[in-house]
Amino acid sequence: MKNKVLIYGSIALDSIETPVGSREEILGGSASYACLSASFFVPSQAVSVIGKDFPPEHTRLLEEHNVDLHLVEVKEGKTFRWKGRYGQNPNQRETIFTQQNVLENYLPHLSPEGQEARYVFLANNSPSSQKFLLEQVKKPSLVAWDTMNLWIDNFPEAIIDILPGVDIALFNDSEIQEFTKNTNLLEAGKQILSSGVKKGVVIKKGEHGALLLTPSFTFSVPAFPVERVIDPTGAGDSFAGGLVGFLTKEDKVNEETLKKATVYGSIIASFAVEGFGVERIAELSKTEIDERYQQLKEMTQF
Ligand code: AMP
């Protein structure tokens, strides 16, 4: 049977303003981006919560991309909503509002099948609920984990608490600097490794690529140069989804697979920013991904 990746995160209705244009209440959320991005490699099992108002066309789109929604609870009430605005610098965004709605006080419960998951991605969500989910997984082979500034600012202790259960931690450059109180990314990454993260730390640097630090090697990948950034939302979640999707498909975690997974993550993120919301990754083909993978290889050889 093909491996599946279990992805816990938000499923949202996002409103977005960028210098190029705006969209209201489109499909978003860390789990949506990550599941769609993982789907180029393996099917995924989403764990999340939505309200009764969640549009059926979004459910269809996720299902058409091999996202199993059986562990997505449908609750009385409104779906999580988020609104963000970007200026000319795509790395800087302003959150206009976050409406937790059904996500407030939600705790994920796994089915017996979900408890047997081997590949797990804890996408951006409250760290205490991430821990609650992780404790239900009996024997994971790989746990990848992501967070955001909201949790770093408000619940740093909960993050410290979860890190020893994590194999691969993903941070933005500004997030890891804030969390470790260290502006040097190499030192900050090492601090995370020494806090119990077992296999690696990925530091995403937006248009400047990403760094992978592990106890035995360091790897740097550039961002694929994109001519027109339409909407940076979800780039991090797409990066992570591609990375865990690839590792799940390979079913082994070593230097070679970790490096390739980081490159795939970077490539899928480069597509994610080329459209509003999940627009671009939802119509992307594996051939396009492989072409960019090859182009990046040629661009970086000397
Ligand atoms: P990224 O651009 O990769 O940081 O992810 C953007 C996504 O994160 C959006 O689709 C939002 O719906 C989602 N998001 C924003 N704030 C939160 C939050 N507090 N909890 C869970 N998901 C969130």
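The values are calculated or read from the model by the stated rules, or taken from the named source; none is laboratory data. Here the structure is a predicted model, which is why all the values come from computation and not from measurement. Using ideal geometry, Cβ is built from the backbone for each residue, glycine included, and neighbour counts are taken over all protein chains shown. When the accessible area is computed, the model is the full protein with side chains, heavy atoms only, and any ligands, DNA or RNA have been set aside. Shrake-Rupley method; radii C 1.70, N 1.55, O 1.52, S 1.80 Å.
Around the amide H of residue 12, modelled in the peptide plane, lie the amide H atoms of 28, 29, 32, all under 5 Å away and 5 or more residues distant in sequence or on another chain. In a reduced charge model with +1 at each Lys and Arg Cβ and -1 at each Asp and Glu Cβ, the range 13-135 shows a dipole moment near 340 debye about its Cα centre. Relative contact order of the range 81-139: 29 percent, from C-alpha pairs under 8 Å at least 6 residues apart in sequence.
For residue 286, the aspartates and glutamates whose Cα comes closer than 17 Å to its Cα, not counting residues fewer than 8 places off in the same chain, are 64, 250, 274. In order along the range 115-132, the phi-based Karplus estimate (6.51 cos²θ - 1.76 cosθ + 1.60, θ = phi - 60°) of 3J(HN,Hα) comes to 5, 8, 4, 9, 10, 10, 10, 8, 6, 3, 5, 5, x, 5, 6, 4, 5, 4 Hz; Gly and Pro are listed as x.
Available extension along the chain between residue 95 and residue 181 is 28.7 nm, counting 0.36 nm per residue and deducting the alpha carbon span. The residues of the chain expose on average 44 square angstrom of accessible surface per residue, using a 1.4 Å probe on protein heavy atoms. The mean of 1/r over all distinct Cα pairs in the range 166-302, once inverted, gives the Kirkwood hydrodynamic radius of 15.2 Å. For the chain, relative contact order (Cα pairs under 8 Å, six or more residues apart, normalised by length) works out to 18 percent. Are any of the pairs 4/181; 138/204; 198/249; 4/131 more than 28 Å apart by Cα-Cα distance, and if so, which? Listed pairs above 28 Å: 4/181; 138/204. In order along the range 81-89, phi translates into HN-Hα couplings of 10, 9, 10, x, 10, 10, x, 5, 8 Hz, rounded to whole numbers, per the Karplus curve 6.51 cos²θ - 1.76 cosθ + 1.60 with θ = phi - 60° and x for Gly and Pro. Expressed as a whole percent, the accessible surface of the chain that belongs to carbon and sulfur atoms is 49, based on a 1.4 Å probe. Computed from backbone phi, the HN-Hα couplings of the range 222-237 come to x, 7, 5, x, 10, 6, 10, 7, 8, 7, x, 4, x, 4, x, 5 Hz, rounded to whole numbers (Karplus: 6.51 cos²θ - 1.76 cosθ + 1.60, θ = phi - 60°; Gly and Pro given as x).
How big, in percent, is the set of alpha carbon pairs in the chain lying more than 24 Å apart? Taking all Cα-Cα pairs of the chain, the fraction more than 24 Å apart is 47 percent.
Structural descriptor for the range 142-223: relative contact order 25 percent, calculated from alpha carbon pairs under 8 angstrom and at least 6 residues apart. Its convex hull of Cα atoms gives the range 67-114 a direction-averaged projected area, equal to a quarter of the hull surface, of 5.2 nm².
Between amide H atoms placed 1.01 Å from N, distances below 5 Å from residue 75 occur with 50, 51, 52, all of them 5 or more places distant or on a separate chain. Each residue, residue 256 and residue 286, gets one label point 7 Å from its Cα in the Cβ direction; the gap between the two is 1.9 nm. In plain terms, the C-alpha convex hull of the range 53-174 casts an average shadow of 9.1 nm² when viewed from every direction.
Candidate cross-link partners of residue 78 among the lysines, defined by an alpha-carbon separation under 23 Å and a same-chain spacing of 8 or more, comprise 52.
Backbone amide hydrogens, once placed in the peptide plane, bring residue 117 within less than 5 Å of 138, excluding anything fewer than 5 places away on its chain. For the chain, the share of DSSP beta bridges that are antiparallel, to the nearest 5, is 40%.
Once you divide the Cα radius of gyration of the range 113-222 by 2.2 N^0.38 Å, the number left is 1.03.
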